Amino acid sequence: MKNLTSSFSISQKPKPDDLIVSINSRKEILFNKKNKNFFHKVPDQLPSQIFKIFEEDNLNIFLVEELKEINEECEYLSKKFLYSHLNENSLILISRAFQIYDWIYKQKFCSRTGNKLSEVREDLSKFCDSCTREYFPKMSPCILAAITHNKKILLVKHNNEIRTLSTVIAGFVELGESLEDCVKREVFEEVGLKIKNIKYLASQSWPFPNQLMMAFSAEALNDRFEIDNNEILEANWYSKENLPQIPPEPSLSNTLILNTLKTMI
Ligand SMILES: [Zn+2]
């Protein structure tokens, strides 16, 4: 499955050779244990609501609610069992399917008036009759920052649920802030370092719950860091040869760390 292109429709119906993904109300996603994938043939009995979420050449992919009947090769997987099946393609699929599911089924009310919003429309918007405001789904922009100095990379352990992995500095973009200013601020807040030569590398949608991750590298002006104990458990400079355990593929932090090591001068 390559070149998944985002596309949305509430009116288009599946052709026999299209594919579906299915998410239930516990936000578990249907997984085929035998083929190890999240795409399924269009079943005879479809739920009443069905949304096109991708197109790929002549093939469309639809999001549907829980299927009444599934065969024994399939099961609904919860988030904690998903990680081991994530790769570049399944992450793109899951990221869009989960976020569209949340938007359609969980975002029901206008934040100004408390009025019930319309059903999702063909352009993915919802509408509030009482204040005439149009709503579109939201995502949260986040930066990742790999900091280098003298052929070493700074990796930290965050004070969160993933305490065993060493990774890059990360943080949410503040309202009104540019990405570059966010990188500077987060690095200074978390480890007290001033930086230069901020370079953008790549981005990735991350659906737990709705981040758009954007990866940067930068050089520290000196190596004397001072950690913010609320956010960071420990920080260290690492050379290529003595890397600690880092986040696995297909996470963007993995790509950023490996790429930074390759280009480190
Ligand atoms: Zn309203």
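The values are calculated or read from the model by the stated rules, or taken from the named source; none is laboratory data. These figures come from a predicted structure and were not determined experimentally. Backbone-built Cβ (ideal geometry, glycine too); neighbour counts: all protein chains shown.
When you check residue 174 against the structure, is it assigned to a loop (DSSP other than H, G, I, E, B), touching an Asp or Glu at 6+ places or on another chain (Cβ under 9 Å) and not aromatic (Phe, Trp, Tyr), yes or no?
yes
Quick one: in the range 76-108, which of the residues that are without any contact (Cβ under 8 Å) to a residue 60 or more places away in the chain and loosely packed, with under 14 Cβ neighbours inside 10 Å is farthest from the chain's Cα centre (by Cα)? Even if it seems obvious, please write down each step before you answer.
At the first step, the residues of the range 76-108 found to be without any contact (Cβ under 8 Å) to a residue 60 or more places away in the chain are 76-78, 80-85, 90, 103-104, 106-108.
Among the residues that remain, those that are also loosely packed, with under 14 Cβ neighbours inside 10 Å are: 78, 80-81, 83-84, 106, 108.
Numbers: 78: 16, 80: 15, 81: 16, 83: 12, 84: 15, 106: 18, 108: 22 Å.
Among those that are without any contact (Cβ under 8 Å) to a residue 60 or more places away in the chain and loosely packed, with under 14 Cβ neighbours inside 10 Å, it is 108.
Give me the residue from the range 122-135 that is touching a strand residue (DSSP E or B) at 6+ places or on another chain (Cβ under 8 Å) and not in a strand (DSSP E or B) and, out of that set, farthest from the ligand (Cβ to nearest atom). Walk me through it before giving the result.
Within the range 122-135, the first condition is being touching a strand residue (DSSP E or B) at 6+ places or on another chain (Cβ under 8 Å), and the residues that meet it are 122-128, 133-135.
From the residues that got through so far, the ones that are not in a strand (DSSP E or B) too are 122-125, 128, 133.
Working: 122: 20, 123: 18, 124: 18, 125: 13, 128: 3, 133: 5 Å.
In this case the residue turns out to be 122.
Does residue 208 satisfy the criteria of being more than 21 Å from residue 195 (Cβ to Cβ), of a type in the set (A, V, I, L, M, F, W, C) and not in a strand (DSSP E or B)?
Considered against the rule, which asks whether it is more than 21 Å from residue 195 (Cβ to Cβ), of a type in the set (A, V, I, L, M, F, W, C) and not in a strand (DSSP E or B), residue 208 comes out as yes.
Based on this model, can you work out whether residue 167 counts as among the β-branched types (Val, Ile, Thr), more than 16 Å from the ligand (Cβ to nearest atom), assigned by TED's automatic domain parsing to the domain that holds residue 244 and within 26 Å of residue 29 (Cβ to Cβ)?
Taking the combined requirement at face value, the residue satisfies it.
So residue 187 clears everything in (1) aliphatic (A, V, I, L, M); (2) under 28 Å from residue 29 (Cα atoms); (3) in contact with a strand residue (DSSP E or B) (Cβ under 8 Å, 6 or more places away or on another chain); (4) away from the ligand (no atom under 16 Å from the Cβ) except one condition, right? Which one?
Going through the list (1) aliphatic (A, V, I, L, M); (2) under 28 Å from residue 29 (Cα atoms); (3) in contact with a strand residue (DSSP E or B) (Cβ under 8 Å, 6 or more places away or on another chain); (4) away from the ligand (no atom under 16 Å from the Cβ), residue 187 breaks only (2).
Of (1) small (Gly, Ala, Ser); (2) modelled with pLDDT under 95; (3) within 16 Å of the ligand (Cβ to nearest atom), residue 90 satisfies all except one. Which?
All conditions are met except number (3).
Can you name the residue in the range 158-195 that is more than 18 Å from the chain's Cα centre (by Cα) and modelled with pLDDT under 95 and, of all such residues, is farthest from residue 240 (Cα to Cα)?
159
If you go through the range 42-51 one residue at a time, do you hit one that is in a strand (DSSP E or B) and not assigned by TED's automatic domain parsing to the domain that holds residue 250?
Yes, because at least one residue in the range 42-51 is in a strand (DSSP E or B) and not assigned by TED's automatic domain parsing to the domain that holds residue 250.
Suppose we filter the range 138-170 for residues that are closer than 30 Å to residue 109 by Cα and touching a strand residue (DSSP E or B) at 6+ places or on another chain (Cβ under 9 Å); how many remain?
Residues that pass the stated criteria total 5.
Might you let me know whether the range 191-200 holds any residue that is without any contact (Cβ under 8 Å) to a residue 24 or more places away in the chain, aromatic (Phe, Trp, Tyr) and either closer than 15 Å to residue 146 by Cβ or surrounded by 14 or more Cβ atoms within 10 Å (Cβ to Cβ) (or both)?
yes
Those residues that are surrounded by 14 or more Cβ atoms within 10 Å (Cβ to Cβ), touching a residue at least 40 places away in the same chain (Cβ under 8 Å) and either under 15 Å from residue 214 (Cβ atoms) or in contact with a Cys (Cβ under 9 Å, 6 or more places away or on another chain) (or both), I need them from the range 133-166; list them, please.
The answer is 139, 141, 142, 143, 144, 145, 146.
Going by what's in this entry, would residue 226 be described as exposed (fewer than 13 other Cβ atoms within 10 Å of the Cβ) and either assigned to a helix (DSSP H, G or I) or of a type in the set (A, V, I, L, M, F, W, C) (or both)?
no
Looking at the range 97-119, which of its residues are within 16 Å of the ligand (Cβ to nearest atom) and either within 23 Å of residue 206 (Cβ to Cβ) or part of a loop (DSSP other than H, G, I, E, B) (or both)? Talk me through it step by step, then tell me what you get.
The initial filter retains those residues of the range 97-119 that are within 16 Å of the ligand (Cβ to nearest atom), namely 107-119.
Once the filter is applied, which keeps residues that are within 16 Å of the ligand (Cβ to nearest atom) and either within 23 Å of residue 206 (Cβ to Cβ) or part of a loop (DSSP other than H, G, I, E, B) (or both), the range 97-119 yields 107, 108, 110, 111, 112, 113, 114, 115, 117, 118, 119.
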